[in-house]
Every structure is written in structure tokens, then in C-alpha cells.
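Structure, as C-alpha cells:
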Amino acid sequence: MTDESVLHQVHSLPERPGVYIMRDARGDVIYIGKATSLRNRVRSYFGSSRGLEPKVRALAETVRVIEHVVTRNEAEALHLEATLVKRHQPIYNVRLKDDKHYPYLKVDVQHPWPRVTITRRVEDDGARYFGPYASAGSVRRTLDVVKKLFPWRSCTKEITGTDPRPCLDYYIKRCIAPCTAFCTPEEYAEVINETILFLEGRSDEVRRHVIAEMERASEAMDYERAARLRDQAEAIRRVTERQQMATTTPLDADVFGLARQDDEACVQVFFVRGTVVADTDSFMLEGTKDSSDAEVLGAFLAQFYESATYVPRMLLLSVEPTDREQLEAMLREQRGRSVEVAVPARGERRALVTSAEDNARESMRMHHVRWVADRDKTESALSMLQEELDLPTRPNRIECYDISTIQGTNTVASMVVFRDGHPATSQYRRFRIKTVEGQNDFASMHEVLTRRFKRVAERRRAERGIAATVALADESAPGTVTEPEEPEDLSPWDEVPDLVIIDGGKGQLGAVLDVMRDLDLRDVPVCGLAKREEEIFVADVSESIVLPRQSEALYLVQRIRDEAHRFAITYHRNLRGKAATRSVLDSIPGVGPKRKQALIRKFGSVKAIREADVSEIASTVGFTQRLAETIKRSL
């Protein structure tokens, strides 16, 4: 059921174009969208649930706070949406997997002696940027090819032309040695210009220019330079021949093919420059399960071109994306000229798209092959844990616990769950310590494990009681057969882990073993992981177990321990932050938890609220002028 405060926020949205940002009860961004009319678009999430998609229904039930940014037009909203999605990675959006700042090649043309370098930051500094590339590997391969073809300097020294001798790069024809004045500034600039033309995909033009220079050098009887240019032209020809032929007519286009499976998708990109595919890349997407192909491709294109330095004249796609007109407007603004977005049906262009789709499916297959390989490592880790810790079964379900506190205040604990070596985040749990005063990790761990396994112990006692009753009934009525009951679906609290890991040494382990003895759960395997030497302690064994330093089992245990620590310390910090503002805001009449949360989200701190105008406070959702004046007086 939708919260009343959420509906109030919806009705307060303006009927203007912009971007809306939805947050859950913890304040995490869960969805970002764009709209021609913010109010009408967001209101559609909260109508009758009968006709809504499952993802939209789940989103409407989860959202608690709606923020918005007004833009001048739809194209601007599309651009802002892509930027925010890449930054926040909301779980309900289609998003680039493991998104990051993708690498570019940078040619610092403002420098008197430019170099070609790899960068992940595009700045407005007058340099030329080429990319983005999907990975560091692809950009390094391109840089390696360019360096072999064009002899620009790779050193960072100050060029004065007075060095006594050149470095090795000169002798292997990788540099024309401006450091020793073996070339003029004009000759070096020509090398950089050829490099830029090649990176733009104009390799035929570069080769023709190099051949013309070779002939002029030959006519001038500068045979050494002519021979170097001949070798360069031949190298460009070989590199170009290795590239895939694209069309019989030149194109300046990016070609996109889409492949999908379950909650993932893969987009393959061909960068067509002239008549060849100058480069290719593939991108994995996630969060695509309940989205159409058009929505997936539209979301990808907006994020892909959001920070691109070069936009081609044409985009060739496998399906028409959603918001095509807004996408064309955004690309036109970035390029400075019109950009055509087309879905070819036949001919060479359709063949290009089909090839991109085939490659997307192949990239998806290889992604799953790598995943299976990683899964094999996980299987090996679990098997090794079973052997090293002498566990009765393979540890398919592992639970790990950690305590977080500062000088005994706001003490909390975390429980993280790993299934088959992978985090089961839906079963993570957090605990506030209730019975322990001050800093006492042993007692805190005792409380947490008692609360966690008390229900398991009660269930077992109940099952034993039922079994005893059935046995007595069978004795009194011989010859009858009692059908076993179907097992009920177990909640996370009812499941018994195959291994419990405690973040700590013998002391913490002892506290947990006391709990297991008291609850008669001695069959649940427990171990402690000490941080200093990564030693593992188990019951009834005085010596610690040390897993091999490079073993998959140690990596898995460390990952589980670190996840428990992260989860605990995040909860602890949240409680500390709330405690810092509780005494001030909670004492103000009319300011309850929701209004306090709204103020902190909007202003960030009590100090900022104190410095804000009454009108700013009153404009916060759920506040009136009178309440804003009361807050100002109280602060």
C-alpha cells in the first residue's frame, strides 16, 4: 500500500519536463526517470496496480521519497537522467554493468610536442579525445597499434632540442627525436596530424599522404626518409586489411546489436569509419528483466553518449529505441550537427547490424563462460573449506557475524549470508545490542547468536516433541503407517547454516560455543577468523588452521568476513548520524521522524537548517509556514 506522504509528494510535483529521483526508506536511490510532465508521469506509478508491470508495482511499494529536477526540455532531461543513472546505479534502472569512467585516448594538441596518452577523465582543455573504449585492454591495444605506426614521443621529459643523443625509441623507429632536434616542429606536427586522422578512422587518407611524402623524399634523394615512409605506409595497409570490411560506400556510423538473457543484456558496438570497422567493443547491462528491447537500448545509448567526446553522423540499431526524438536532440546538441538514428531493414547496413547482433550473442556466451569458470573456483573453495575445517557437509549456506561499536555506544551487529559462495543479500540481518552495557564484544556476540538461533532451537524441540508423540501413537496402534508431513517453507530464521563464521579469535568463538551448548545446537559448525594472521579457530582444537595464502578458500572466507564488517559498520554509522541530530530536532513540537528525515535529506545537517530561511524550510514537503517559524525559533 502506498504511503500517504508519497502521494502528497506526487501531487506537489510540477507539470514541467525534468527528472524524478525515487528513494526507499533508507534513502537509497532506487529509480531515476525522465518526463515531459513530472506530475503526470510519476502519478502513473500509483494508480490501479492491475495493469502495472511487476517491476513498477514493486517500485511503487518501495519508494518513500521523490525528488525532482526541472529541465528546459526533454532532451536535457534525457541527458541528466543518463548522468544520474551512471552515478547512482539504481536497482530498478537499466544500467551499464560495473559502470565506471571509461578510458579515452588523449592527444594534447595544445602542447608544443604532443603525446598520445590514456585517460579516464575528459576535460575542456583543448585536447583531442578519442573513445570511450569499453576496457583498459582495448584502449591499450589501440595505443600500441598507433605507437607502432606513428613515431611520436612517449617520454615526459622537457623538450629543448639540446640532448646529446636520442633514446632507444629513435633507433627502433618509434620516435623522430625532437629532444635532439633531429626533426623540426613542422615534421613532428605532421606525425601528430596523421595520428589524429588514423584515430578518426581515416586510414586511407593517411596512407595516401604517407605515400605522397615518400615519393617526394625519393625525388629529393632523401632515401633514408623515403624508406621509413615506405615501411610506415605498408604497416598502415596491413593494419587496415586486418580490419573488417564494412560497406562499399564510406560511413561515419556506430552500429549497435543487442542480445538478452534473463536479467542481463549485452550490447555490441561497431565503430565504422570510412569503409571499415575501425574498432569494436561490447558492454554488459543489468537490471533489464522487465524492460523491452527498445527500453534497454534507449537507456544504454543515453548512458553511452552522455560523456562521449565524439558522436558520429549516424547510429545503426537493431531496434528503434524509446524516446528516439529526445535521443536525436541530445546527440545533435553534442555533435553540433544533425545525427540520424536508423533501423536498417536490408542491404549492407542491415548486414552490419546483424553481424553486431551475432557478436553480442557471442559476447554474452563468453561472459557466461567466464562466470562458470569463476563458479568452478567457488566450488573448489567450498570443497577445500569442508576438508580443512572437517565439516560434515559442503558449506552451501555460510553465515558470518560481526560487532561494530565505538567506546560502547550504538553497538550493533551484522549477519551476512552466502549461498553457494555468493552473497544472499535478501537474507542479511542487522541487530541493535539491547542487553549489554559498554563495550563488551563477547557479551554482544552472545546476545546476537542467542537471538539468531533461539527460534531454530525451539523448532527442533517442537519437532522432537511431535516425533515422540507419533512414536507413542504407533506403539498403541501397531500395523498403522504414519505419513510424514510435507516440510513447510523455511524462513531465513529457521534455516540452519552449514558453517557459522565469527569475526574474531578464541574469545568470540568461546562466547558463541556457549550459546550453541545452551540451545543444544552442538551440531552447527562454528569457527572464528582472527584478523592479524587470518587464522581460523574451531571447537576442541587448540591449534589454529591457516589456509594457504593464495587459496580460493581463503579468498572466499576473507570476502565473507569483509562483507559482514562493511554491513555492520554501515549500520553503526547510520545510527551515529541519527543520534547526532536526535536531541535537537526531536525536541521541536510538530517535528516527527518523517519530517526530521525530510529536513536532513534536504539540508544535510542541523547547522544548514539553522542557517536556512523560513521560506526554504516551509517549502519542504509536509511543512507549513508556522512550523517553519517554530523550527527557526527552536534552533
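Pairs meeting the criteria (first residue in segment 417-431 and part of a strand (DSSP E or B), second residue of a type outside the set (Ser, Thr, Tyr) and surrounded by fewer than 15 Cβ atoms within 10 Å (Cβ to Cβ), beta carbons under 7 Å, at least 6 apart or on different chains) are Arg419/Asn396.
I'd like to check something: does segment 419-432 contain any residue that is surrounded by 22 or more Cβ atoms within 10 Å (Cβ to Cβ), in the same structural domain as Gly507 (by TED's automatic domain parsing) and out of contact with any Cys (no Cβ under 7 Å at 6 or more places or on another chain)? No, every residue in segment 419-432 fails to be surrounded by 22 or more Cβ atoms within 10 Å (Cβ to Cβ), in the same structural domain as Gly507 (by TED's automatic domain parsing) and out of contact with any Cys (no Cβ under 7 Å at 6 or more places or on another chain). Number of residues in segment 526-561 that are farther than 17 Å from Glu399 by Cα and under 25 Å from the mean Cα position of the chain (by Cα) equals 1.
Among the residues of segment 550-565, write down those that are under 18 Å from Glu387 (Cα atoms) and free of Cβ contacts under 8 Å to residues at least 12 places away in the same chain.
Initially, segment 550-565 is screened for residues under 18 Å from Glu387 (Cα atoms), giving 550-558.
Selection gives Gln550 alone.
Across segment 199-224, which residue is farthest from Arg140 (Cα to Cα) among those that are buried (at least 17 other Cβ atoms within 10 Å of the Cβ) and of a type in the set (Lys, Arg)? Among residues in segment 199-224 that are buried (at least 17 other Cβ atoms within 10 Å of the Cβ) and of a type in the set (Lys, Arg), the one farthest from Arg140 (Cα to Cα) is Arg207.
Each residue in segment 184-237 was checked for being of a type in the set (Val, Ile, Thr) and either closer than 14 Å to Val145 by Cα or not in a helix (DSSP H, G or I) (or both), and 4 of them qualify. Can you list residue pairs whose Cβ atoms sit under 6 Å apart, with the first residue in segment 179-207 being without any contact (Cβ under 8 Å) to a residue 24 or more places away in the chain and the second being in a helix (DSSP H, G or I) and among the aliphatic types (A, V, I, L, M)? Count only pairs 6 or more apart in sequence or on different chains. Cβ pairs passing all conditions: Leu197/Val206; Glu205/Leu197. The criterion of at least 1 residues that are in contact (Cβ under 8 Å) with a residue 40 or more places away in the chain and touching a Pro at 6+ places or on another chain (Cβ under 6 Å) is met, among helices (runs of 4 or more DSSP H) falling completely within segment 1-90, by 74-88.
Considering only residues of segment 62-96 that are among the basic types (Lys, Arg) and touching a helix residue (DSSP H, G or I) at 6+ places or on another chain (Cβ under 9 Å), which is farthest from Gln326 (Cα to Cα)? Give the steps one after another, and end with the answer.
Step one: list which residues in segment 62-96 are among the basic types (Lys, Arg), which gives 64, 72, 86-87, 95.
This time we only want the ones that are touching a helix residue (DSSP H, G or I) at 6+ places or on another chain (Cβ under 9 Å), so: 64, 86, 95.
Numbers: Arg64: 29, Lys86: 18, Arg95: 19 Å.
Restricting to residues being among the basic types (Lys, Arg) and touching a helix residue (DSSP H, G or I) at 6+ places or on another chain (Cβ under 9 Å), the top hit is Arg64.
Going by what's in this entry, would Glu463 be described as surrounded by fewer than 16 Cβ atoms within 10 Å (Cβ to Cβ), touching a residue at least 40 places away in the same chain (Cβ under 8 Å) and assigned to a helix (DSSP H, G or I)? It is false that Glu463 is surrounded by fewer than 16 Cβ atoms within 10 Å (Cβ to Cβ), touching a residue at least 40 places away in the same chain (Cβ under 8 Å) and assigned to a helix (DSSP H, G or I). Scanning segment 432-460 for residues that are in a helix (DSSP H, G or I) and of a type in the set (D, E, K, R) yields Asp441, Glu447, Arg451, Arg452, Lys454, Arg455, Glu458, Arg459, Arg460.
Cβ-Cβ distances below 8 Å connect the following pairs, each with a first residue in segment 165-178 that is within 14 Å of Val146 (Cα to Cα), a second residue that is among the basic types (Lys, Arg) and in a helix (DSSP H, G or I), and a separation of six or more residues or different chains: Lys173/Arg228; Arg174/Lys147; Arg174/Lys148. For segment 607-618, the criterion of being surrounded by 15 or more Cβ atoms within 10 Å (Cβ to Cβ), outside the structural domain of Met415 (by TED's automatic domain parsing) and modelled with pLDDT under 85 is satisfied by no residue at all.
Of the residues Leu78, Leu84, Leu96, which single one is among the hydrophobic types (A, V, I, L, M, F, W, C), modelled with pLDDT under 75, closer than 28 Å to Gln268 by Cα and buried (at least 16 other Cβ atoms within 10 Å of the Cβ)?
On the way: Leu78 fails: modelled with pLDDT under 75; Leu84 fails: modelled with pLDDT under 75.
So the residue among Leu78, Leu84, Leu96 that is among the hydrophobic types (A, V, I, L, M, F, W, C), modelled with pLDDT under 75, closer than 28 Å to Gln268 by Cα and buried (at least 16 other Cβ atoms within 10 Å of the Cβ) is Leu96.
I need every pair where a residue in segment 583-605 that is in contact (Cβ under 8 Å) with a residue 60 or more places away in the chain has its Cβ under 7 Å from the Cβ of a residue that is in a helix (DSSP H, G or I), sequence separation at least 6 or different chains. Listed by first residue and then by second, the contacts come to Lys594/Ser5.
Scanning segment 393-418 for residues that are out of contact with any helix residue (DSSP H, G or I) (no Cβ under 7 Å at 6 or more places or on another chain) and crowded, with 23+ Cβ neighbours inside 10 Å returns a single hit, Glu399. Just one of the listed residues (Val272, Val267) is modelled with pLDDT of 85 or more, touching a strand residue (DSSP E or B) at 6+ places or on another chain (Cβ under 6 Å) and outside any loop (DSSP other than H, G, I, E, B), and it is Val267. Identify all residues within segment 294-314 that are surrounded by fewer than 23 Cβ atoms within 10 Å (Cβ to Cβ), closer than 22 Å to Asp124 by Cα and of a type in the set (Gly, Ala, Ser); write none if there are none. Ser307, Ala308, listed by residue number.
Exactly one residue out of Glu67, Glu123 is among the charged types (D, E, K, R), at pLDDT 80 or above and within 29 Å of Ala329 (Cβ to Cβ): that is Glu67. When Cys167, Cys175, Cys155 are checked against the criterion of being over 30 Å from Phe270 (Cα atoms), outside the structural domain of Val311 (by TED's automatic domain parsing) and surrounded by 20 or more Cβ atoms within 10 Å (Cβ to Cβ), Cys175 stands alone in meeting it. Condition check: within 25 Å of Arg87 (Cβ to Cβ), among the acidic types (Asp, Glu) and part of a loop (DSSP other than H, G, I, E, B). Does Asp281 satisfy that? So Asp281 does not fit the description; no.
The values are calculated or read from the model by the stated rules, or taken from the named source; none is laboratory data. All figures in this text were calculated on a predicted structure; none of them were measured in a lab. Ideal geometry is used to build each Cβ from the backbone, glycine not excepted, and the neighbour counts take in all protein chains shown.
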